[in-house]
1. Once you've got the GNM for the chain with C-alpha springs shorter than 10 Å, pick whichever of N177, N254, N105 has the biggest mean-square fluctuation.
2. Using a Gaussian network model on the chain with a 10 Å cutoff between Cα atoms, which of Q66, Q200, Q165 fluctuates the most?
3. Starting with the fewest neighbours, write out S117, S184 ranked by other beta-carbon atoms found within 10 Å of each beta-carbon.
4. If each residue of separation counts as 0.36 nm, what is the full-extension length gain between K103 and Y130 once their alpha-carbon separation is subtracted?
5. With a ≥ b ≥ c taken as the square roots of the eigenvalues of the C-alpha gyration tensor of the range 214-268, please select rounded if a/c is under 1.5 and otherwise prolate if a/b is larger than b/c or oblate if it is not?
6. Would you pull out the residues with amide H under 5 Å of F180's amide H, same chain only if 5 or more places away, H placed 1.01 Å from N?
7. So how long is each side of the chain along the principal axes, counting just the alpha-carbon atoms, biggest first, in Å?
8. Using alpha carbon centroids, what distance separates the range 102-180 and the range 61-84, in Å?
Amino acid sequence: MVRKAVFSGKFYPSTADEIKSFIEENLSGHNNINVQENLKKLGLILPHAGYVYSAKTAIRAIEKAQKLIKPATVILIGTNHTGIGNGVCSVWDSGQWETPFGKVNVNNEIAEELIKSSDLFEKDYSAHIYEHSIEVQLPLLKYFFDDFKIVPIIYNIQNITYTFQIIEIFKKLNFNNLLFVASSDFNHYEDDKTTRLKDQILIEKILERDIKGMYQVANEFNITACGLGPMSILVGLFNNIELVDHTTSAEFSNDYSLTVGYASFLLR
């Protein structure tokens, strides 16, 4: 089964040439540094809004990751904006995903292992069909890494208990060259000052690797980061976390009264 690129031309440009131009206009310049560590596991936390708002922040982190890993498989953990989906985590277990750069194959071996490992993971396509949080990452990843397989997972029911269980399952995956990507925007629809303050509170907990603290401050301060679950999974999988970039939608829109926060992190 092929998952169509339903948000092409909406959240991001519809052609490979347009995406390539957009990415190259937003490179930091550090991409020319020839460093290659060949890590076997790496993590990224990336935003998933329309490219004009958040892709610059994502690109900053992916271009750093490119110097550290050549992933065989990217495990993408997205959030659920549609309310459609079955179980705690919906796994797209086979076939291909369409991108403007060509189709990407699903790693059915890892997908099946996850589904067999726990009832937290279910084979379910419905959560993915109209969900953008994974799709928008693929053209960016395809540009930088070219040839890799994916395991698309939508984390439907995000809570701290499930998060710790999922972390332990992921730790047991015996595969090399894995890139884990958690897809999330940060605080939503408040003025720029408030969004930046709330984002910073959550960012500090992420950098401290404090998963319980992430959930606590999100609840206490009403921080409306939509992918708290995916982000907290990655925080539990890696020991070192670097904040790469943080901004808000106001940087592009110039509307400081109603903003969304975006941050990217590199985890190893």
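1. Maximum fluctuation in the GNM of the chain, among the listed residues, is at N254.
2. Sorting by GNM fluctuation, first place goes to Q165.
3. Neighbour counts put them in this order, fewest first: S117, S184.
4. 8.0 nm
5. oblate
6. When sequence neighbours closer than 5 places are left aside, the close amide H contacts are L42, G43, L44, I75.
7. If we take the Cα atoms of the chain, the spans are 45, 42, 36 Å.
8. What the calculation gives is 9 Å, centre to centre.
Every number in this text was worked out from the coordinates using simple rules, so none of it is lab data. Just so it is clear, the model here is predicted, and its values are computed rather than measured. Ideal geometry is used to build each Cβ from the backbone, glycine not excepted, and the neighbour counts take in all protein chains shown.
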